[in-house]
Amino acid sequence: MSDNTITFTIDGKEVQGVPGQKIMEAADAAGVYIPRLCHHKDLPPRGHCRLCVVKVDGRPKSSCTIPIEDGMQVENDTEELNEHRRMVLEMMFVEGNHFCPSCESSGNCELQAEGYRLGMITPTLPYIESHREMDATHPDIFVNRDLCILCGRCVRASAIQDGKTVFAFEGRGIHKVITVNAEHGLGETLMDVADAAASVCPTGCLHTKRLGYTIPVGQRKYDHRPIGSDIEQAAH
Amino acid sequence: MSKPTIATGHFTGCFGCHMSLLDIDERILQLTELVEFDKSPINDKKRFDRMVDIGLIEGGCSNDENVEFLQMFRDNCKTLVAVGACALTGGVPAMRNTVPLRECLEEAFLSGPSVVDGIIPNDPDLPVLLDRVYPAHEVVKIDYFLPGCPPSADAIWAAVVALLEGREPTLDYELLKYD
Ligand code: SF4
Ligand code: SF4
Ligand code: SF4
Ligand code: FES
């Protein structure tokens, strides 16, 4: 074993990583999936969504942002943490207007897929029935703000990968929404459907027009295999 | 020993969940061996006259009649299962919840593009609409939820069989769907 190896455990299983790696990165490499929504492998982590919270030596921490250390004991797939995660998901569902039967992203949506993986049966909290402004001004992309979970992936992808800063957050707390860098909507920005930002949204909020319902039920991304299966299988 | 009894009820939904129940195909014969259907649109029995073991309800509550009937189901079913997105979240009918009721009625009956000499229906025999569409569990206590729009025949079958065998209904990955 070289000096550069860090050894720690996830749910009692020994995992190795290299200095600077985040818990989630090292877990991915070892074939251990930690549920996530705001993190995307091509973007820097931000720790917005709290779905990836694990316990590190007994204390809750977001695994996408916390670096690994020798000997740390990480709890991930425990009933307590999964119960917290289901509640985080429920809150996301009722904060937006997530009615999957009428959503073009259904079957390919990461928010929904985390619900399936973690066994969230249905949101039981009351829907707050938000009514956020929809933006259809772009010829190729819809912004259906009611489905936004404020993960910030589009903000990061646009700034870092596309070099355009098309998206930003506006407002605080429950009034926080995703906004675009133009007065009259996305159509006025430099946004192009080929941009990285157009395909990073984990929900149906940023959606490419004319692609809805093109994949039949039974062939959609998460119809048969849970989100994270690729990570779990890659290591075997 | 007499067979366990099942009632099914239809509220603000599209009957798709009932169609999915019928979609269990020849297993329906097995089901009639296992249980006796009580009050249900399937046999058109209108009233409860005894306690029923399992109640399956489709649809949320959009009017006062829904609320009254849902309470009747709760009072007469030992185990009450909300079936389908409409019962669980209000579903498609609840899309009206983000628009005030008066605006919905005006759009449908007065100012809609195909309306001629419109009037908002107000016959006293009509059920009174609620301010919003309510999921079943916001009106009565629900024991189990069966998601889907509709839940697949396999999901309904798995849940009903589990209940009949005295187990908690759990859904395998491919049967847990919100759409
Ligand atoms: S964005 Fe995802 S979770 Fe939300 S309604 Fe669409 S499919 Fe369902
Ligand atoms: S639009 Fe999509 S990618 Fe952007 S913050 Fe909202 S959910 Fe995240
Ligand atoms: S859940 Fe879907 S299938 Fe069932 S009643 Fe509602 S709209 Fe119809
Ligand atoms: S994935 Fe870590 S906080 Fe969202």
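General remarks:
- Once the range B:167-179 is narrowed to residues that are assigned to a loop (DSSP other than H, G, I, E, B) and open to solvent by 50 Å² or more (accessible area, probe 1.4 Å), the residue that is farthest from residue A:229 (Cα to Cα) is B:167.
- Here the strands (runs of 3 or more DSSP E) wholly within the range A:6-63 that include at least 2 residues being without any contact (Cβ under 8 Å) to a residue 60 or more places away in the chain and either of a type in the set (Val, Ile, Thr) or within 16 Å of ligand 1 (Cβ to nearest atom) (or both) are A:53-56.
- Test for residue A:37: is it closer than 30 Å to residue B:85 by Cα, more than 16 Å from the chain's Cα centre (by Cα) and surrounded by 13 or more Cβ atoms within 10 Å (Cβ to Cβ): no
- Restricting the range A:105-148 to residues that are closer than 19 Å to residue A:49 by Cα and among the acidic types (Asp, Glu), the residue that is farthest from ligand 4 (Cβ to nearest atom): A:146
- Listed by first and then second residue, the pairs linking a residue in the range A:110-130 that is in contact (Cβ under 8 Å) with a residue 60 or more places away in the chain to a residue that is away from ligand 1 (no atom under 14 Å from the Cβ), with Cβ atoms under 6 Å apart and 6 or more places separating them unless they lie on different chains, are A:114/A:35; A:117/A:226; A:118/A:82; A:118/A:85.
- Among residues of the range B:55-80, those that are of a type in the set (Val, Ile, Thr) and surrounded by 23 or more Cβ atoms within 10 Å (Cβ to Cβ), counted: 1
Residues checked against (1) among the hydroxyl-bearing types (Ser, Thr, Tyr); (2) more than 16 Å from ligand 2 (Cβ to nearest atom); (3) within 14 Å of chain B (Cβ to nearest Cβ); (4) in contact with a strand residue (DSSP E or B) (Cβ under 7 Å, 6 or more places away or on another chain):
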| site | (1), (2), (3), (4) |
| --- | --- |
| A:10 | no, yes, no, yes |
| A:15 | no, yes, no, yes |
| A:19 | no, yes, no, yes |
| A:26 | no, yes, no, yes |
| A:43 | no, no, no, no |
| A:50 | no, no, no, yes |
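- Residue A:142 meets the conditions (1) touching a residue at least 40 places away in the same chain (Cβ under 8 Å); (2) open to solvent by less than 10 Å² (accessible area, probe 1.4 Å) in every case but one. The failed one is (2).
- The set of residues from the range A:147-179 being open to solvent by less than 20 Å² (accessible area, probe 1.4 Å) and of a type outside the set (Phe, Trp, Tyr) comprises A:147, A:151, A:152, A:153, A:154, A:156, A:157, A:158, A:166, A:178.
- Yes/no for residue B:5 being in contact (Cβ under 8 Å) with a residue 40 or more places away in the chain, open to solvent by less than 70 Å² (accessible area, probe 1.4 Å), among the hydroxyl-bearing types (Ser, Thr, Tyr) and away from chain A (no Cβ under 14 Å): yes
- Reported count of residues in the range A:99-111, each being within 8 Å of ligand 1 (Cβ to nearest atom) and touching an Asp or Glu at 6+ places or on another chain (Cβ under 8 Å), is 4.
- Which numbered condition residue A:106 fails, given (1) modelled with pLDDT under 95; (2) within 7 Å of chain B (Cβ to nearest Cβ); (3) within 16 Å of ligand 2 (Cβ to nearest atom): (1)
- Restricting attention to the range A:109-138, the residues that are within 8 Å of chain B (Cβ to nearest Cβ) and small (Gly, Ala, Ser) total 3.
- Cβ-Cβ distances below 8 Å connect the following pairs, each with a first residue in the range A:203-230 that is more than 12 Å from chain B (Cβ to nearest Cβ) and open to solvent by 30 Å² or more (accessible area, probe 1.4 Å), a second residue that is more than 16 Å from ligand 2 (Cβ to nearest atom) and of a type in the set (Gly, Ala, Ser), and a separation of six or more residues or different chains: A:215/A:107; A:221/A:107.
- Subset of the range B:86-118 [open to solvent by 10 Å² or more (accessible area, probe 1.4 Å), among the hydrophobic types (A, V, I, L, M, F, W, C) and facing another protein chain (nearest Cβ under 10 Å)]: B:86, B:92, B:95, B:99
- Considering the range B:73-166, the qualifying helices (runs of 4 or more DSSP H), each wholly inside and each with 3 or more residues that are within 16 Å of ligand 3 (Cβ to nearest atom), run over B:85-89, B:153-164.
- Cβ pairs under 7 Å, 6+ apart, first in the range A:85-109 and among the β-branched types (Val, Ile, Thr), second assigned to a loop (DSSP other than H, G, I, E, B) and within 16 Å of ligand 3 (Cβ to nearest atom): A:94/A:123; A:94/A:127
- Residues in the range A:178-224 that are assigned by the TED database to the domain that holds residue A:132 and among the acidic types (Asp, Glu): A:183, A:188, A:192, A:195.
Condition check ((1) basic (Lys, Arg); (2) in contact with a Cys (Cβ under 8 Å, 6 or more places away or on another chain); (3) in contact (Cβ under 8 Å) with a residue 40 or more places away in the chain) across all residues:
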{"position": "B:38", "(1), (2), (3)": "no, no, no"}
{"position": "B:42", "(1), (2), (3)": "no, no, no"}
{"position": "B:55", "(1), (2), (3)": "no, yes, yes"}
{"position": "B:59", "(1), (2), (3)": "no, yes, yes"}
{"position": "B:63", "(1), (2), (3)": "no, no, yes"}
{"position": "B:67", "(1), (2), (3)": "no, yes, yes"}
{"position": "B:73", "(1), (2), (3)": "no, no, yes"}
{"position": "B:81", "(1), (2), (3)": "no, no, yes"}
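The values are calculated or read from the model by the stated rules, or taken from the named source; none is laboratory data. Since the model is a prediction, treat every value here as computed from it, not as a measurement. Positions of Cβ are backbone-derived with ideal geometry, glycine not excepted, and every protein chain shown enters the neighbour counts. When the accessible area is computed, the model is the full protein with side chains, heavy atoms only, and any ligands, DNA or RNA have been set aside. Shrake-Rupley method; radii C 1.70, N 1.55, O 1.52, S 1.80 Å.
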